[in-house]
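Below is one structure, written out as structure tokens; comments come after it.
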Amino acid sequence: MKVLRLRMAKLMLLGVLLVNLIFLYYTWNTLLWRRISRVLAGGEELEPKAPKLTPKEKVRNANKHIRKSITIVFYGHYNFEQDLRASIDSILDVIPNMPILVLQEGGTEYAYPPLNYERNLTAGEDQTVTFLSLAFDVRRTRQDLDPLAAIHTKYALLMPDSVRLNSKNLLQKILREINTIGVAGAQAQAQPKEQRVAVPPEEMVRRMVLVPFAGNLKSYSSCARMRMDLPNWTLEIVATNDSRRCDLFLQKHAILLDVAALAAMPEPFCLPFPEMLYMQAKIANLSTTVFPHAFQEGRRLFASFHTKQRRMDLRRRQFKEMYKRLQIKRIVRRAYTLLGKPPSRENSWQLHQGVLDAQFSSSNVSLPLVTDIDLFGCERTTKSCIGTVYNNRPFYSYLDKHTPPCCLDKLRKTFNHVLEEFENVGIRYWLDNNALKSAVETNAISPDAYDIDISFNVQDLERSNAMKKSQSKPYVDNEGFYWIKATDGHYFRVQFSKPNQVGVNLLPYEIKGAEVRASGFFGWKASTFAADFLHPMSTVLFLGKSVMCPNNVLEYLEAKHIKVQSQDLAMDD
């Protein structure tokens, strides 16, 4: 009996085990098919899930990704007042071993006193801060002189001096921003949230992410649109509050961009910085994105009058050199400001001599948009930008450029001065040759003009005191214009000044019966024509004034072998 009960207990135990095994089998089988069905539907992969990372491991991986992607570059600082040591320490405290490159200009006004940076390295921390001088050194190779050769990441973060990095979150966000692009099309428009896709690692990102600083002034515009008209030597800058069209960021900021985009520029690291970089980026058609978050400010720099004035003097020289290298001679500025309000001493454009600063324009777009035009080129005390002309072609015509605007401005002033002189003393004159052709075609001076011809009756020469005096020796009148008799003929020339040879040619003609002949000068301009063209005289609109000219002007120009393109005349008979 006892043996029977033992056998029954074993059979019951075996039955329980069999039931549990059957239940386990069907449960596992059901879960497996559910997972397989989700995989077939695209829900998940059959690979095992990655183990959950600890907070320390997440931080370590995030720092590693940032270090492999971004190199922070400091450039454009001034050694006589800087905050580089504290700025670098704040970065390395957040992201140890972050690659940092400090570029130093070679001039003593920038590189002196020299910078010395030392950091107490902790366990696992390496020396990742590199100082590189941009000064030419014949003992260094071309590779050593190239700052881009010291950058081994895909992106460079161009950082201004005096910054405090509190966390790596902002670096992660701007890295995610530049690594992705928005999806255009109907599908993206249908989505309430913008769809973004990753940029392939091998593709160059033709975009710059601009990160402002928290201390920027809200009362001034941060963005400006630029238009570069290099054939006309012109740069136009228009203030705007639209961050989507920001060709130039005026206040303190950092720039994140692809190193390949820097390598495609002729000289990315050049003062003034970052203005010179923006000029090259505009020509290269790089787009910009103003990031909505900001870096934190460090120590306030240039608080004293001495350091502020020293920095401004250097900035003036930098901008002057930039305009010279870019061949910019006219700047058109459109800014929101109060009409008639005199600029403050710190905000005066004339005082800054072309320096673009944070106080370029008010952010209040309800104010009038005031246009100012400044010329950077030849003056009364300097030589003309035109130079010596060979075969009637100035040097800039071979560069596919027109006459510099500063020279055209001096030419207009000289012409108006001569015209006023002739009309005051009663000299019979007429606009002639290419200037007359331009007046007939456009009522304005030709963009390629480098002189203006005015012909006059030689019998009226004695009426002008300036011409009489200039027959024996050059004469400078009360307004500084230089009257001279030409050495290659008996015609006269009025220059803007003695060194600046932009001027007007005064061609004497003598009326002999039914003909008008050149009096003492030669060349293609000295052609003889019928006196009927001067009886009666006509007028043409030129440079906003009614100027005397021959009648039947088209026939007159044709007789002088000058072809007129337009037949629409603006003349008064």
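Report the one residue of 69, 550, 16 whose Cα lies farthest in the direction of the positive end of the charge dipole of the chain (charges on C-beta: Lys and Arg +1, Asp and Glu -1; origin at the Cα centre). Projecting each Cα onto the dipole axis, the largest value belongs to 16. Of the residues 217, 529, 454, the one whose Cα sits farthest toward the positive end of the charge dipole of the chain, with +1 on the Cβ of Lys and Arg and -1 on the Cβ of Asp and Glu, is 217. Distance between the modelled labels on residue 108 and residue 264, one decimal in nanometres: 4.1 nm (7 Å Cα→Cβ projection).
Share of Cα-Cα pairs in region 199-268 beyond 16 Å, in percent? Everything past 16 Å amounts to 62 percent. Ordering 422, 408, 487 by Cα displacement along the dipole of the chain toward the positive end leaves 408 in first place; charges were set at the Cβ atoms of Lys, Arg (+1) and Asp, Glu (-1).
Between residue 67 and residue 363, the simple spin-label model (points 7 angstrom out along Cα→Cβ) gives 3.8 nm.
Any number yet on Rg/Rh for region 430-527, C-alpha, Kirkwood? Mind showing how you got there, number by number?
Working: Rg = 13.9 Å, Rh = 14.3 Å.
Result for region 430-527 is an Rg/Rh of 0.97.
A full extension of the chain between residue 545 and residue 307 corresponds to an added length of 80.7 nm, given 0.36 nm per residue minus the alpha carbon distance. When the residues 12, 204 are ordered by accessible surface, computed with a 1.4 Å probe over the protein chains alone, the sequence from largest down reads 12, 204. Here the extension length gained between residue 79 and residue 21 equals 13.0 nm, from 0.36 nm per residue of separation less the Cα-Cα distance.
Just the projected area, averaged over all directions, of the convex hull on the alpha carbon atoms of region 51-153: how many nm²?
On the way: hull surface 32.3 nm².
Averaged projected hull area, Cα only: 8.1 nm².
Annotation: extensible slack from residue 537 through residue 166 equals 125.6 nm (criterion: 0.36 nm per residue apart, minus Cα-Cα distance).
For region 263-312, applying the loop criterion from DSSP together with a ceiling of 10 other beta carbons within 10 Å to the trypsin sites (Lys or Arg not before Pro) yields 300.
Grab the DSSP H runs of the chain that are 4 residues or longer, score each as -39,500 (n - 2.57), total them, divide by all residues and round the 222 nm result to the nearest 500 deg cm²/dmol. Let's see the in-between values first.
On the way: 15 runs with 173 residues, N = 573.
Calculated at 222 nm, the ellipticity per residue is -9500 deg cm²/dmol.
Among 144-151, 403-410, 522-529, 216-223, sorting by the average number of other beta carbon atoms lying within 10 angstrom of each residue, highest first, gives 403-410, 216-223, 144-151, 522-529.
Over region 74-133, what portion of Cα pair distances is larger than 20 Å, expressed as a whole percent? Walk me through the intermediate numbers first.
On the way: 466 of 1770 pairs.
For region 74-133, the share of Cα pairs beyond 20 Å comes to 26 percent.
Between 0 and 90 degrees, the angle of helix 305-326 with respect to the longest Cα principal axis of the chain falls at about 70 degrees.
Suppose every K and R has +1 on its Cβ and every D and E has -1 on its Cβ; what is the size of the dipole of the chain about the Cα centre, in Debye to the nearest 20?
Numbers: 75 positive and 59 negative charges, 739 e Å.
Charge dipole of the chain: 3540 debye, to the nearest 20.
Helix 405-425 and the long axis of the chain differ in direction by around 20°, with both axes built from C-alpha atoms.
Ligands, DNA and RNA left out, the accessible area of the chain computed with a 1.4 Å probe is 54% carbon and sulfur. With both labels modelled 7 Å from their Cα along Cα-to-Cβ, the residue 146 to residue 379 distance reads 4.1 nm.
Rounded to whole Å, the principal axis extents of the Cα atoms in the chain read 164, 56, 50, largest first. Exceedance of the 30 Å cut-off in Cα-Cα distance is limited, within the set 320/498; 329/498; 154/324; 68/320; 410/525, to 154/324; 68/320.
For the chain, the longest principal axis of the Cα atoms and the long axis of helix 55-69 meet at an angle of about 30 degrees. Against the criterion of solvent-accessible heavy-atom surface with a 1.4 angstrom probe, 208, 8 sort, most first, into 8, 208.
Taking the Cα centre of region 398-472 as the origin, how large is its charge dipole in debye, to the nearest 20, when only Lys and Arg (+1) and Asp and Glu (-1) carry charge on their Cβ atoms? Before the final figure, lay out the partial values.
On the way: 9 positive and 12 negative charges, 43 e Å.
In debye, rounded to 20, region 398-472 gives about 200.
What would the Debye formula give as log10 I(q)/I(0) at q = 0.08, 0.14 Å⁻¹ for the alpha-carbon point model of region 366-510, no solvent? Relative scattering, expressed as log10 I(q)/I(0), comes to -0.24, -0.69. Every Cα-Cα pair in region 407-463 was counted, and those over 18 Å apart are 35% of them.
Loop only per DSSP, at most 13 neighbouring Cβ atoms within 10 Å: give me the chymotrypsin sites (Phe, Trp or Tyr not before Pro) in region 70-139, ordered by residue number.
On the way: sites: 74, 75, 78, 80, 110, 117, 131, 136; in loops: 75, 80, 117, 136.
Of the chymotrypsin sites (Phe, Trp or Tyr not before Pro), the ones in loops of region 70-139 whose Cβ has at most 13 other Cβ atoms within 10 Å are 117, 136.
Take each of the peptides 122-128, 466-472, average the number of other beta-carbon atoms within 10 Å over its residues, and list them starting from the highest.
Output ranking for 122-128, 466-472: 466-472, 122-128.
The values are calculated or read from the model by the stated rules, or taken from the named source; none is laboratory data. All values reported here derive from a predicted model rather than from experimental measurement. Methodologically, a virtual Cβ is constructed for each residue, glycine included, from the backbone with ideal geometry; neighbour enumeration extends over all protein chains shown. For accessibility, only protein heavy atoms count, side chains too; no ligands or nucleic acids. Shrake-Rupley method; radii C 1.70, N 1.55, O 1.52, S 1.80 Å.
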